[in-house]
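The values are calculated or read from the model by the stated rules, or taken from the named source; none is laboratory data. Just so you know, these numbers come straight off a predicted model, no measurement behind them. Please note: Cβ atoms are built from the backbone with ideal geometry, for glycine as well, and neighbour counts cover all protein chains shown.
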Amino acid sequence: MPSVDRREIHRDAYINLHLLATGFAQEFEADFRPFGLTQGQFTVLWVLAESSQRNGLAVGQIADGLLTRRGDVTRLVDRLVEAGLVVRFPGVEDRRTVLVRITPAGRKLYRRVKTAVRSRHDQQWSSLDLQELATLDHLLQKARRNRRPVDRAHAPHE
């Protein structure tokens, strides 16, 4: 049996994961375009639509759900407000807190796009059976647990 170079496997796994993630992201961007959304905007709608907090979420809570910076979320929310898909309003308990809630139009669009996302997921993962997909998910979660947190304040702008 030939010897295995761990560093080559590291590199190959990284390249495959990167190419797969990049390809998936490009497919989603193409899927979102006819709806007038970006992937980031859809993700904000997803966090709001699936949240148990029906009275809205603070921008910081949305950012935590997206694992991104507040400034990025603020820009995404600004665009969604302009499109009438979310509303921004002061918090009841602390008026300094700004909450964001999905509108009925935003919820309706979210449901339509969610159907397209599910179809895309079915297509993207069609080469794996359910056991293989569960194993892949387990291995990716395991790899993520070993990561050190990135200082989001100094991360490159997306």
### Query
Just wondering, is there one or more residues in segment 60-78 that are farther than 19 Å from Val117 by Cα, of a type outside the set (Gly, Ala, Ser) and in contact with a strand residue (DSSP E or B) (Cβ under 7 Å, 6 or more places away or on another chain)?
yes
### Query
If you go through segment 88-110, how many residues are in contact (Cβ under 8 Å) with a residue 12 or more places away in the chain and part of a helix (DSSP H, G or I)?
5
### Query
Got at least one residue in segment 144-155 being surrounded by 12 or more Cβ atoms within 10 Å (Cβ to Cβ), within 21 Å of Asp64 (Cβ to Cβ) and modelled with pLDDT under 95?
yes
### Message
Suppose we filter segment 53-103 for residues that are within 19 Å of Phe32 (Cα to Cα) and not hydrophobic (A, V, I, L, M, F, W, C); how many remain?
### Response
7
### Task
State whether one or more residues within segment 64-74 are touching a residue at least 24 places away in the same chain (Cβ under 8 Å), acidic (Asp, Glu), at negative phi and surrounded by 11 or more Cβ atoms within 10 Å (Cβ to Cβ).
yes
### Message
The conditions are (1) more than 14 Å from Phe42 (Cβ to Cβ); (2) among the hydroxyl-bearing types (Ser, Thr, Tyr); (3) modelled with pLDDT of 85 or more; (4) surrounded by 12 or more Cβ atoms within 10 Å (Cβ to Cβ), and Ser126 fails exactly one of them. Which is it?
### Response
(4)
### Task
Please tell me if Arg79 is farther than 30 Å from Leu136 by Cβ, touching a residue at least 12 places away in the same chain (Cβ under 8 Å) and part of a helix (DSSP H, G or I).
yes
